[in-house]
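Beneath this line is the structure, given in structure tokens, with notes to follow.
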Amino acid sequence: MKKTCILMIAAALFVALSGPATAVDIDTLDRVSVLMPKSEVIALLGPPDDVLDVGAGLKAEVYKMEGIEPMMGTGCIYDGDRLAGQSFMFAGEMTAETAERLKKHGFALIEDKNAAYRLLGKDDDTGRVFIVHVFTEMGMTIVMTFEKEFYDRHNK
């Protein structure tokens, strides 16, 4: 995804995180995986707190989190009816630590620019290849994961 699109997604998610939170726990969130049908995601997480147009023809369904600090929320980005990407928002600056943790789990660093990282690796649930962006925006660390084929189609 182009940097502008990624920043638009981050800004929109930040605005959507203001207000009351839903009760989605980390175990339930972990059961959500790439290419899962939207109906299954909603069956697990419930209806989103907000649906945002994040540009480039994409929409993000946002879920606010409570009680799993420093996580503030998550967003689901769909390619038609299939989950193609997720974003995770955390309070505070922890980009380098997050990138290091991903590298320990087999992700390869493909870009390190201005304290923002892009990594390539496989999803532990599906084995699908992912592109992960880790960056700080508006005082939050944002981790965005995209199924690589989806990412490549939108990054031309």
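The values are calculated or read from the model by the stated rules, or taken from the named source; none is laboratory data. Bear in mind that the values here come from a model prediction, so they are computed numbers and not experimental data. Using ideal geometry, Cβ is built from the backbone for each residue, glycine included, and neighbour counts are taken over all protein chains shown.
General observations
- Strands (runs of 3 or more DSSP E) contained in segment 1-89 and holding at least 2 residues at pLDDT below 85: 50-55, 58-64
- Condition check for ARG82: touching a residue at least 60 places away in the same chain (Cβ under 8 Å), among the basic types (Lys, Arg) and under 21 Å from ASP30 (Cβ atoms): no
- Search result, residues across segment 126-148 that are of a type in the set (A, V, I, L, M) and under 13 Å from GLU97 (Cα atoms): VAL134, ILE142, VAL143
- Number of positions in segment 39-61 that are touching a residue at least 60 places away in the same chain (Cβ under 8 Å), surrounded by fewer than 19 Cβ atoms within 10 Å (Cβ to Cβ) and within 15 Å of GLN86 (Cα to Cα): 0
- Residue satisfying all of: in segment 108-121; closer than 14 Å to TYR151 by Cβ and not acidic (Asp, Glu); surrounded by the fewest Cβ atoms within 10 Å (Cβ to Cβ) among these: ILE110
- Of all the criteria given as (1) part of a strand (DSSP E or B); (2) surrounded by 14 or more Cβ atoms within 10 Å (Cβ to Cβ), the one not satisfied by LYS103 is (1).
- Listed by first and then second residue, the pairs linking a residue in segment 89-109 that is of a type in the set (A, V, I, L, M) to a residue that is in a helix (DSSP H, G or I), with Cβ atoms under 7 Å apart and 6 or more places separating them unless they lie on different chains, are MET89/LEU13; LEU109/ALA99; LEU109/LYS103.
- Search result, residues across segment 122-153 that are buried (at least 16 other Cβ atoms within 10 Å of the Cβ) and over 19 Å from ARG82 (Cβ atoms): HIS133, VAL134, PHE135, THR136, GLU137, MET140, THR141, ILE142, VAL143
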